[in-house]
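In what follows, a single structure is set out as structure tokens and then discussed.
The values are calculated or read from the model by the stated rules, or taken from the named source; none is laboratory data. Quick caveat: nothing in here was measured; it's all calculated off a predicted structure. Using ideal geometry, Cβ is built from the backbone for each residue, glycine included, and neighbour counts are taken over all protein chains shown.
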Amino acid sequence: MQEPTHHIAATLKSLRGAQGWSLDRASRATGVSKAMLGQIERGESSPTVATLWKIAGGFRVSFSLFFEQASVEGGSPDNAAVTVLEDAAAGMTVTPLFAFDPALRFEMFLIELASGACSESSPHEPGVVEHVVMLDGTLELALDGHWEALGPGEARRFAADREHGYRNVGERAARFHDVIHYPQV
């Protein structure tokens, strides 16, 4: 399995090539600067989780496309080793549990947000719905400018095609599942 930065770089380059987009066109679609896209594509920079979401949204692809998966020896694709994305600056770790399934149109992640960490997300493509299920700790979820607290065992479903955010004001890490449903194409 290659380093996450290399896989992300190869995926971005492949997406841009498939679309026939210049860096300028990709920048307009994603809201990420041409310079940053070029650095990511050359493997010179590892994007933050927020930047990677912008890129996925701009290309209208699943977030998990940027996570490399390799079969574990003797296992099935459902029992695969995966790339974990650690965003130290944001205090966030994202582990894919189920990569995007085109038949079911969903993907699922385990997300850990460090104490004091906050992650704000740009709107995803129209029709995307997220399901957040708290496992451990306390998470505050921002929707429409209002922060709502969620504790262990609590869940929230929301339209993710609007700005939203996550923050942990607790003293320990907040762990939650994030299931993302994409609209039919």
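Please verify whether region 97-107 includes one or more residues that are in contact with an Asp or Glu (Cβ under 9 Å, 6 or more places away or on another chain) and closer than 20 Å to Ala173 by Cα. Yes - at least one qualifying residue is present in region 97-107.
Scanning region 33-61 for residues that are modelled with pLDDT of 90 or more and within 17 Å of Ala99 (Cβ to Cβ), we see that the one that is farthest from the chain's Cα centre (by Cα) is Phe59.
Looking only at region 113-137, residues that are part of a strand (DSSP E or B), within 12 Å of the chain's Cα centre (by Cα) and either crowded, with 17+ Cβ neighbours inside 10 Å or basic (Lys, Arg) (or both) come to 3 in all. If you go through region 159-185 and pick out every residue that is part of a loop (DSSP other than H, G, I, E, B) and closer than 23 Å to Asp136 by Cα, you end up with 7. Taking each residue of region 111-129 that is on the phi > 0 side of the Ramachandran plot and looking for partners that are surrounded by 18 or more Cβ atoms within 10 Å (Cβ to Cβ) and outside any loop (DSSP other than H, G, I, E, B) with beta-carbon atoms closer than 9 Å, six or more apart or interchain, yields Gly116/Arg167. For region 89-103, the criterion of a residue being at pLDDT below 90 and touching a helix residue (DSSP H, G or I) at 6+ places or on another chain (Cβ under 7 Å) is satisfied by at least one position. Screening the candidates Leu97, Leu85, Leu104 for the property of being more than 19 Å from His164 (Cα to Cα), out of contact with any Lys or Arg (no Cβ under 7 Å at 6 or more places or on another chain), surrounded by fewer than 16 Cβ atoms within 10 Å (Cβ to Cβ) and touching a residue at least 40 places away in the same chain (Cβ under 8 Å) yields one hit, Leu97. Under the condition of being surrounded by fewer than 16 Cβ atoms within 10 Å (Cβ to Cβ) and outside any strand (DSSP E or B), the residues counted in region 138-148 number 2.
In region 169-185, of all residues being over 16 Å from the mean Cα position of the chain (by Cα) and within 25 Å of Ser62 (Cα to Cα), the one that is surrounded by the most Cβ atoms within 10 Å (Cβ to Cβ) corresponds to Ala174.
Okay, residues lined up against (1) of a type in the set (Lys, Arg); (2) outside any helix (DSSP H, G or I):
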| residue | (1), (2) |
| --- | --- |
| Arg16 | yes, no |
| Ala26 | no, no |
| Gln39 | no, no |
| Ser45 | no, yes |
| Val61 | no, yes |
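Among all residues of region 158-170, there is none that is modelled with pLDDT of 95 or more, in the same structural domain as Leu97 (by TED's automatic domain parsing) and on the phi > 0 side of the Ramachandran plot.
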